[in-house]
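Report on the structure given below.
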Amino acid sequence: MNLEKSQLASKNLHFLESVDSTNLELARRLDQAALPDLYALAAASQTKGQGRLGREWVSEPGSSLSLSVFFAAPELPELMPVVLAVAAARVVSLHAPEVSIKWPNDILISGRKVSGLLLQVAPGGVIAGIGVNIAIQRGAPETACALSEFGAASFDDVLSGLLMELGQLRARMAQSPADIAIELVEEYSKNCSTLNSRVRAQLPGGGEIVGLATGINATGHLVVQSDKRHELSAADVWHLRN
Ligand code: BTN
């Protein structure tokens, strides 16, 4: 695997051809030793990729990019989903048109999912996991797509783009967290296809809300107006026909 650009983008990149899950492997490495900020683990395939809400994330060799990055004590822990989604959307936009973010953290191209994000709290920080479909995978649902449908995008191009974006955002977060928080929520909101949609939100503890998604608040929560105003920190969301 040629990782020339990615190795220039990060001094702390570790690559594996295959692993069960980059998030799990990064968590194991953190159990063994303290790791530096922005320690990054990328893999060309995962045998047990983890998705949100205990789902599986399929990462076949040659068609997916799996990346986990350790953020040591980030200044804006609650905004990490926003940071990650903005970074991933910026990179996907370099390779495809019509890119949007479905709250909380799916990256879509023309409404089909190309990338998923999974954040996990770890000792001393947060593990930020990003999966990107580089080429379409066997048995992928119709709701999924891959960057290869929109032209050539190499593993190294996408990985180096993600590492650069995350590095730059990390530096700005450390310098001026309040300013970057406002900018990121603005950029996320501008690109969020969930906003102004009628949504059905299934809440983690059970229960459901149907209403209009009207905004993203300062901590990245989705504002849904039904008979009353709700601010959702986590949920499974479906866009309904308006
Ligand atoms: C989702 O959409 O449900 C989230 C998918 C997150 C997948 C990435 S791939 C890299 C990292 N390692 C994992 O096991 N999961 C995340």
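The values are calculated or read from the model by the stated rules, or taken from the named source; none is laboratory data. The structure displayed is predicted, hence computed values, not measured ones. No Cβ is skipped: glycine too gets one built from the backbone with ideal geometry, and neighbour counts run over all protein chains shown.
The single condition among (1) within 9 Å of the ligand (Cβ to nearest atom); (2) more than 17 Å from the chain's Cα centre (by Cα); (3) modelled with pLDDT under 95 that Val19 does not satisfy is (3).
Among residues that are assigned to a loop (DSSP other than H, G, I, E, B), surrounded by 15 or more Cβ atoms within 10 Å (Cβ to Cβ) and not assigned by TED's automatic domain parsing to the domain that holds Phe15, Gly206 is not included.
Could you pull out every one of the helices (runs of 4 or more DSSP H) wholly within segment 1-106 that has 3 or more residues that are without any contact (Cβ under 8 Å) to a residue 24 or more places away in the chain and of a type in the set (A, V, I, L, M, F, W, C)? Working first, answer last.
Numbers: elements: 4-9, 22-32, 80-93.
Passing ranges: none, list empty.
Inspect segment 80-88 for any residue being surrounded by fewer than 24 Cβ atoms within 10 Å (Cβ to Cβ) and over 11 Å from the mean Cα position of the chain (by Cα) and give the result as yes or no. No, every residue in segment 80-88 fails to be surrounded by fewer than 24 Cβ atoms within 10 Å (Cβ to Cβ) and over 11 Å from the mean Cα position of the chain (by Cα).
Against the condition touching a residue at least 12 places away in the same chain (Cβ under 8 Å), under 23 Å from Glu98 (Cβ atoms) and assigned to a helix (DSSP H, G or I), how does Val199 come out, does it pass? Taking the combined requirement at face value, the residue does not satisfy it. The residue list Pro177, Pro141 contains one member that is of a type outside the set (Lys, Arg), within 16 Å of the ligand (Cβ to nearest atom) and over 15 Å from Ser68 (Cα atoms), which is Pro141. When segment 51-74 is limited to residues that are within 11 Å of the ligand (Cβ to nearest atom) and buried (at least 21 other Cβ atoms within 10 Å of the Cβ), the one that is farthest from Ser115 (Cα to Cα) turns out to be Val69. Do we find that Ser189 is surrounded by fewer than 21 Cβ atoms within 10 Å (Cβ to Cβ) and over 17 Å from the mean Cα position of the chain (by Cα) in this structure? The answer is no for Ser189.
If the requirement is being closer than 25 Å to Ser176 by Cβ, more than 15 Å from the ligand (Cβ to nearest atom) and surrounded by fewer than 19 Cβ atoms within 10 Å (Cβ to Cβ), which of these qualifies: Pro77, Pro123?
Numbers: Pro123 fails: closer than 25 Å to Ser176 by Cβ.
Criteria check complete, one pass: Pro77.
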